[in-house]
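Input: a single structure, listed below in C-alpha cells.
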C-alpha cells in the first residue's frame with residue numbers, strides 16, 4: 001500500500017466513524033480474523049473494532065471496510081442525492097451543499113473515492129447497511 005493509499009483510506013474511515021462502518025479484519029499473516037466487524041476508533045495508524053480483544057489495536061492495513069459501489073444506489077437514493085446536489089434554494093454553488101453531499105454519501109456507505117477498485121475496500125453485501 002502506498003503512502004497516498006494509506007492516507008486516502010484513513011481519511012475515508014475517519015469520516016465514516018459516526019456511521020458504524022462494517023469491515024473485514026485480518027490477522028498479521030493475512031488470514032481473516034473477523035469477516036464482519038464494526039470500526040469504532042482510529043488513533044494514528046491504529047484502528048479499533050467492536051470485536052477487538054480488550055486493549056487490542058489493529059493496524060490500518062489489517063482492515064478492509066465494506067462499502068457500497070456508487071452503481072448500487074437505488075432510485076429512491078438517487079432522488080435524495082439529487083435533492084441535495086440541486087438544492088432549489090441555492091442558485092449557485094454552495095460549499096454547504098457539498099458538505100451535505102459528502103456526509104450523505106458517507107452515511108449511506110457509498111464508495112465515492114473508488115476504494116473498492118483500488119483493493120482498499122470490499123463491496124458491501126446487499127442489505128448490510130439497512
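Here are the numbers for this structure:
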{"read-out": "Hits in region 16-37 (condition: within 21 Å of residue 105 (Cβ to Cβ), buried (at least 16 other Cβ atoms within 10 Å of the Cβ) and either out of contact with any strand residue (DSSP E or B) (no Cβ under 6 Å at 6 or more places or on another chain) or free of Cβ contacts under 8 Å to residues at least 40 places away in the same chain (or both))", "value": "16"}
{"read-out": "Pick from region 38-59, criterion within 19 Å of residue 119 (Cβ to Cβ) and surrounded by 16 or more Cβ atoms within 10 Å (Cβ to Cβ), ranking: nearest to the chain's Cα centre (by Cα)", "value": "39"}
{"read-out": "Some residue of region 83-98 being within 30 Å of residue 3 (Cβ to Cβ) and either in contact (Cβ under 8 Å) with a residue 40 or more places away in the chain or outside any strand (DSSP E or B) (or both)", "value": "yes"}
{"read-out": "Some residue of region 54-65 being under 27 Å from residue 3 (Cα atoms), at pLDDT below 90 and touching a strand residue (DSSP E or B) at 6+ places or on another chain (Cβ under 7 Å)", "value": "yes"}
{"read-out": "Checking residue 30 against (1) in a strand (DSSP E or B); (2) over 14 Å from the mean Cα position of the chain (by Cα), the condition it does not meet", "value": "(1)"}
{"read-out": "Filter result for residue 100 (in contact with a helix residue (DSSP H, G or I) (Cβ under 6 Å, 6 or more places away or on another chain) and modelled with pLDDT of 95 or more)", "value": "no"}
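The values are calculated or read from the model by the stated rules, or taken from the named source; none is laboratory data. Values in this document were obtained by computation on a predicted structure and should not be read as measured data. Glycine gets a Cβ as well: all are built from the backbone with ideal geometry, and neighbour counts include every protein chain shown.
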